[in-house]
1. Could you sort out which of Lys477/Lys533; Lys307/Lys538; Lys307/Lys502; Lys252/Lys307 sit more than 29 Å apart by Cα distance in this structure?
2. Of the listed peptides 532-545, 613-626, what is their order by residue-averaged count of other C-beta atoms within 10 Å, with the highest listed first?
3. Give the peptides 13-23, 376-386 in descending order of average Cβ contacts within 10 Å, highest first.
4. What fraction, in whole percent, of alpha-carbon pairs in segment 202-247 exceed 15 Å separation?
5. Starting from the eigenvalues of the Cα gyration tensor, five times each then square-rooted, give me the equivalent ellipsoid semi-axes of the chain, largest first, whole Å.
6. Could you calculate the FRET efficiency of Arg261 with Val590 from 1/(1 + (r/R0)^6), where r is the beta carbon distance between them and R0 is 35 Å, rounded to 0.05?
7. Simple spin-label model, 7 Å along Cα-to-Cβ: Arg273 to Ala249 in nm?
8. What is the dipole size for the chain, taken about its Cα centre, with +1 at each Lys and Arg Cβ and -1 at each Asp and Glu Cβ, in debye to the nearest 20?
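Read the figures in this text as sums done on the coordinates, not as results from a lab. Computed from a prediction, not measured in an experiment: that's the story for all the values here. Glycine gets a Cβ as well: all are built from the backbone with ideal geometry, and neighbour counts include every protein chain shown.
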Amino acid sequence: MPDDALSTPLQYLKGVGPRRAADLANAGLVTVEDLLYRFPIRYEDRSRLQPIASIKPGTTISITGKVLSCGLRSTRRPGFKIFEALVGDASGALRATWLNQPFLKDVFARGQHVVLFGQSEMRGGGSLQLTNPQYEILDEEDAETIHTGRIVPVYEKTGVVTPKMQRRLVHDALDRLPADLPEQLPDALRLRLGLPARRAALLATHFPPVEASIDVLNRFATPAQQRLIFEEAFLFQTGVLARRLSAEADHKPGAIHVDDRIRESARAVLPFRLTAGQRQALKEIVDDLQRSSPMNRLLQGDVGAGKTIVALLAALVAMENGLQVAFMAPTEILAEQHFANIARLLQPSRFRVALLTGATGTAARREQLAEIASGALHLVVGTHALVEGDVRFSRLGLVVIDEQHRFGVIQRATLREKGLHPDVLVMTATPIPRTLALTLYGDLDVSVIRDLPPGRLPVHTIAKPESRRDDIYAFVKAQLDLGRQAYVIYPLVEESDKIDLKAATEMADHLAHEVFPAYRVGLLHGRMKPGGKDHVMKAFAEGELDVLVATTVVEVGVDVANASVMVVEHAERFGLSQLHQLRGRVGRGVHQSHCCLLYQSPLSEDARGRLRAMTDTTDGFEIAERDLLLRGPGDFFGTRQAGVPTFRTIDLLRDRELLELAQREAAAYMSDVAPTPAATRQLIENWEARFRLIEIG
Ligand code: ADP
Ligand code: MG
């Protein structure tokens, strides 16, 4: 619900002309609301500015004073310049230096009033200095003002929009807020949780009262800040619930029942006993299938947990009820592998299975499309083209999406646009930390398989510098001599990355001719023709190759139980989740497996953290938590798989507890209010406008 005060364009604020309005828009600030809901990145206590003479070394200080002199200084290192300013107040003077920021000569000038904020340090000769301090230049009229003499909000500099410019605008905007700014939270809820009113919260977040604690502010834990964060989380969650309500009203293509005959037919295809985790997940899925509203479920389970068979049994239930199934994999290799597997398992059944990929010839494709449309084919395996392209099903009842995180945006919306409302089962081996699951998959139900099939041994993992390569090769040879197989993984940042591709190809040659001449070495990469890939993959799976040099195309799903060693080249270049996925290619059989991470020194701090996580644990959930900490939520799925909503005040790591509280409160609120379909639609529209979330699932 737009309200006038907040939807006012920033252009109506004092001192904002068209030019500045454009600058602000480039920084994502268009309305007063944009401005007021962008938190400071931190707060500085400038209420007690220290006299320069009283400063002690090694403390965080903020001072204000006059620039006595300033200028650029060259150093002995060619091209390396230092900008220096001598700043004085009534008590004394202090030197500030900035390394390699020569543009500062156009920012500072003698006689200016400035604020400096930073860590004081002792220089040789007993004088104090600040290195690379934060700075702000004050105008004449700023003298007493909002920029000093108080706890001051510091905003992120975005483009040409400076922290100080923003502070002034925020101050003006807050001045103009009407006393009766409409609330966003239900009053009863707000009072029960003891949250301040909206207007008061905005004021205190940007210009905290004198008694506020700088530490609490910088942890974003004051009541004012918490209220605004909670508000965003609450609005987000009510929208998620509204979407869920509206999806539940969709009609599935046909009812599903399970009886003894169907149970018997499931037992007939099952090659082994399900683990307890698999049984539980299957039960949750089959319960969903039997409901009248479409299933929207995420099946999470670490690599090798055995998700495929669970999905296949669900597919069998759908097919026994006269419905068709689309089974989608992220790559053609995986689609082919799933097809081979599924076709084998369903051999004794009456169901007909087909593989539809880019490699399917035109004539064959035409025939298949006709059989899918007539319902003669029951289960179709392929890539996402299956639901996005021109494939028409006769009665599509279940869509299984494997390794969802590679898809990015397979959208239920796509299905809905085609008038399809099947049950949807999304599978992922990326264990999603709980907070992200709440927000990313808020409208998915989640089943988790936590156990592994019996007899699996944790993969033994080591990280070694490249100088130890020969030892590693010797070890690989020993494993090959025991009859095992090995993967050697080469990073390929982009499938189009020619240099790396060349490196992988040369590596394969080198290994084949110089390192492992007595063994059979194959090469697999994403730019091979589908037929070629298939050939190599099959040869490896059937034990006709001993060593497979591969790029990350083997990352997901590939299943060769006899492979017991993986060597990852340039392990420092891979993300943590990716390394974990890769490692999942070994340890799939009865043999103790090994993963050797070869890295190039020196390691960055982050890379060291990733490798340590890999050698410390094989638990996918712990890996995921560490990855989230190392990378931050924005990068967790990589930008291309973005789907992480753009929050204004929420930090997914910092605000976990508030997010969970908001989720509980939103659920209680929605079940109290029980909105009409029209109100639900309205909620969804507001939500989509605000969060611009890419729909997943
Ligand atoms: P993921 O969950 O990584 O997709 P898969 O479904 O590919 O795992 O299963 C990994 C391997 O474990 C496959 O070879 C599969 O046949 C086998 N498997 C799955 N479940 C069981 C089980 N309950 N008992 C024995 N082997 C199993
Ligand atoms: Mg799998």
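1. Beyond 29 Å between Cα atoms: Lys307/Lys502.
2. Highest mean packing first, the order is 613-626, 532-545.
3. Descending packing order for the listed peptides: 376-386, 13-23.
4. 51
5. Square roots of five times the eigenvalues give 53, 36, 21 Å.
6. E(calc), rounded to 0.05, equals 0.50.
7. 4.8
8. Here the chain has a charge dipole of around 720 debye.
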